[in-house]
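For reference, the structure discussed in these notes is given below.
Quick note: the coordinates plus some simple rules give every number you see, no bench work behind them. Given the structure is predicted, the values throughout are model-derived calculations rather than measurements. Note that we place each Cβ from the backbone using ideal geometry, even for glycine, and neighbour counts take in every protein chain shown.
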Amino acid sequence: MDNQGSSTIEIAIILIIILMIFGVILSSIENSQNKVIKAEEINNIEKMTSEYMDNLINNPGTPENWNEYEKGTPGLAIVSDGNVIPNSVSYSKLIALGENYEKFVNQKIFNSEIHTSMELVPYNTNIASVKIGSNDEGENIFSINRYVKCDFYKNYVLKDLQIDGKCNRNHDQSQCSCNYFKSFKGNLRQTDYYLLLDDSEKYNVKYFVDTTRVVKGKVWQTVTSDKIYLNDKFDFYDDTSAIVFVHLDKAKTKAVIVSVPKNFDKDKLNYDYFITNECNLILKAWY
């Protein structure tokens, strides 16, 4: 082979090498661009989910009772005595959000471009966690966590016996816990009343139930269960209603009086479900 042919081959080899180098460089640039785009997408999703989470737990929604009408703008914050409790989650609103999750969250907030789920995890191990949204988690999961106050079934509480009440027997509230509520005979057809106590109170406190129309004295009974059914302890006499008093012989007793529907899940008739709890709200997002 002459020198001209040899030079042509060398040039061809050099061109091939140059093309390969350019190919590697272009591929590297493309990968870098994809990584930058991916990083921006991740940052945008993290920012969006974080902002959405903070809005949910600090806003009761519009209207405030949106969960009753299944329309409006959802918020999860608890409202107490007309005041919004920051960093809080209303259980009833969380359940309502879960029932319309695709509409309210995936479509309205994230335009169905990503999938999400939320889970409310109580620090109290006696209470089960609650998860709403998608169950099929994909790759590249982003997780946002917030510490919140949560109320579960607190809206069914009539009286908290740790708070000073009123007594028709003149019991000293520095030594006893007494409080009262009004009930109608007709209520008992659809409503169950319970006295729920923290498990630590069993055998450490005595109680009795009476009404303002006292006919005979009541005997103190030792609490042997963390829930006491009250319906059969009401004395209406000839009246259609009664003011019912619950007396405990211990001050600041960890106990609540609740009014729940007849079909209420009896497994959840637990004192812990009816007080404010500390929880972790987790929002996950993925493609």
**Item:** GNM result for the chain, Cα springs below 10 Å: residue of THR211, THR240, THR73 fluctuating most strongly
**Value:** THR240
**Request:** Could you work out how far helix 3-57 tilts from the main Cα principal axis of the chain, as a 0 to 90 degree angle to the nearest 10?
**Result:** 10
**Message:** Let me understand the chain better: what is its radius of gyration from the alpha carbons, and its Dmax, in angstrom?
**Reply:** 31.3, 129
**Asked** Measuring from centroid to centroid over Cα atoms, what is the spacing of the range 232-287 and the range 117-189 in Å?
**Response** 8
**Message:** If the only charges are +1 at each Lys and Arg Cβ and -1 at each Asp and Glu Cβ, what is the size of the charge dipole of the range 156-274 around the Cα centre, to the nearest 20 debye?
**Reply:** 260
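In square nanometres and to one decimal, what's the mean projected area of the convex hull around the Cα atoms of the range 156-274? Mind dumping the intermediate values first?
Values: hull surface 27.6 nm².
Quarter of the Cα hull surface area: 6.9 nm².
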**Theoretical FRET efficiency, 1/(1+(r/R0)^6), r = Cβ-Cβ of LYS185 and VAL219, R0 25 Å, to 0.05** = 0.50
**Message:** Using the basic label-point model (7 angstrom from Cα toward the beta carbon), what is the THR240 to THR8 distance in nanometres?
**Reply:** 11.4
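Antiparallel versus total DSSP beta bridges in the chain: what percent is that, nearest 5? Write out the running numbers ahead of the final one.
Values: 54 of 56 bridges.
Taking every DSSP beta bridge with both residues in the chain, the antiparallel ones total about 95 percent.
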**Request:** Could you sort out which of LYS131/LYS182; LYS202/LYS233; LYS185/LYS252; LYS149/LYS284 sit more than 27 Å apart by Cα distance in this structure?
**Result:** LYS131/LYS182; LYS185/LYS252
**Prompt:** Which log10 I(q)/I(0) values, to two decimals, does the range 99-198 give at q = 0.17, 0.21 Å⁻¹ under the Debye formula with one point per Cα?
**Reply:** -0.95, -1.19
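Take every Cα pair under 8 Å in the chain that's 6+ residues apart, average their separations, divide by the length, and report that relative contact order as a whole percent. It would help to have the intermediate numbers written out before the result.
Working: 496 pairs, mean separation 64.9, N = 287.
Computed over the chain, the figure is 23 percent.
Quote the FRET efficiency, to the nearest 0.05, computed for SER174 versus SER129 with a Förster distance R0 of 51 Å and r equal to the Cβ-Cβ distance. If you can, show how the numbers build up before the last one.
Numbers: r = 39 Å, r/R0 = 0.76.
It comes out at approximately 0.85.
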